[in-house]
Each structure stands twice: as C-alpha cells, then as structure tokens.
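The structure appears below as structure tokens.
Computed from the coordinates by the stated procedures, all read-outs in this text should not be read as laboratory data. Fair warning: this is a prediction, and the values are worked out from it, not measured in the lab. All Cβ positions, glycine included, derive from the backbone under ideal geometry; neighbour counts span all protein chains shown.
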Amino acid sequence: MADTQITVYTITPDMPEFQEVWNLREEVLRKPLGLSLKNDNLSRDYIDTIFVASSGGSVIGCVFMHRLSEEQIQLRAMAVYPQWQGKGIGRMLVQAAEKYAWQAGYKQIILHARKVAMGFYASMGYTTYGDEFTEVGIPHYMMSLQSPQV
Ligand SMILES: CC(C)(COP(=O)(O)OP(=O)(O)OC[C@H]1O[C@@H](n2cnc3c(N)ncnc32)[C@H](O)[C@@H]1OP(=O)(O)O)[C@@H](O)C(=O)NCCC(=O)NCCS
C-alpha cells in the first residue's frame, strides 16, 4: 500500500467512472449471487452522491449515498474489488461518505448490511437494529450511525 496512491472523490453520471462503477457493482455485488444489475431499478443512481476510490486511473471501490429525508441518508452499493479488499479502501470510502453526510446536516446514516459484511460496519461504529431480512436472496440487517453533532 505504501507505494500505491489511492484517491477518493465524487463522480456524476456524465463521467466515464460511472460505467466503471456499474462494472464494479456487477462483478462484486451481483455476479457472485448469480444476479445482474440489468434486473435492478437503477433510478436512484442518477440522484445519489457517488464516491469512488481510484488507483492508477481505475475505479477500485465505490459507495453511494441516498437521501431518505432531511435527517436520514442511506449508505448503499458499497463494493471494493476482491484484489483490493482488506487494505483499508472500504474504510476510506465510508469515512468520505460520513464526512459528506455530517457536513450536509444529516443526523443519521442507515444501511442494509449483508450479514457477511456486518463486521466491517461494526468496526466503524455502526450498530445493528431490527430483525434479519432478505435482500438479493441473502440475509441482511439494518445498521446505523448517529452524527457526532447530535
Ligand atoms: C465489505 C467491503 C466493502 C469492505 O471493504 P474493504 O476495503 O475490504 O475493507 P477495509 O479493508 O477498509 O476494512 C476495514 C475494517 O473492516 C474489517 N472488515 C472488512 N471486511 C469485513 C468483513 N466482511 N467482516 C468483518 N470485518 C471486515 C477489516 O478487517 C478492517 O478492520 P480493522 O480496521 O480493525 O483491521 C469489501 O470487502 C467488499 O466489497 N465485499 C464484497 C461486497 C460487500 O459485501 N459489500 C457490502 C454490502 S452491504
């Protein structure tokens, strides 16, 4: 990692990274489940704030922030390519998303955590609430983080 430059920034749908993000989500979040984004309603993608992590000019990770209300924002579509996982990139993306959310005045971030990824969010202070539910065919839990300013 020491010699690898990773940058995190926001993108818009008119940028070439938007297609790269689609490819990343397809590979990491859909194909392993035997699914495709082609069957998803992607309308939120055009209104969300999208963060990417980039290395050498290529997108290697992403996360989307979706406004739910004046107070609440949803973190979603969190993905890092397998060869880049476990190197702190997911954490960098979540930290950038949190900074954005708190600066924008939101009071709470919520997310639908895959059961296998709960430890990732828990390591960043997110707490679990509610019952297990199924999404994309696999178990999930609701998790949330309160603004430090509350
Ligand atoms: C989950 C995911 C986004 C994490 O990104 P990452 O870049 O690998 O995570 P990081 O390296 O930043 O890890 C941050 C911390 O979370 C921990 N962590 C990462 N993935 C974890 C997991 N699945 N379970 C438990 N802990 C995990 C790391 O050990 C690290 O803890 P530490 O700082 O105490 O060492 C990534 O592994 C991924 O894309 N997985 C497949 C898709 C997925 O499950 N997305 C989430 C859908 S809700």
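Taking 23 Å as the straight-line reach from the Cα of K31, the lysines in range (excluding those fewer than 8 positions away in the same chain) are K87, K115.
Can you tell me the order of 43-50, 17-24 when each peptide is scored by its average per-residue count of other Cβ atoms within 10 angstrom, highest first?
Details: 43-50: 14.8, 17-24: 17.5.
My ranking of the peptides, most packed first, is 17-24, 43-50.
DSSP bridge analysis restricted to the chain gives an antiparallel fraction near 90%, rounded to the nearest 5. Taken about its Cα centre, the chain carries a charge dipole of about 240 debye when Lys and Arg each add +1 at the Cβ and Asp and Glu each add -1 at the Cβ.
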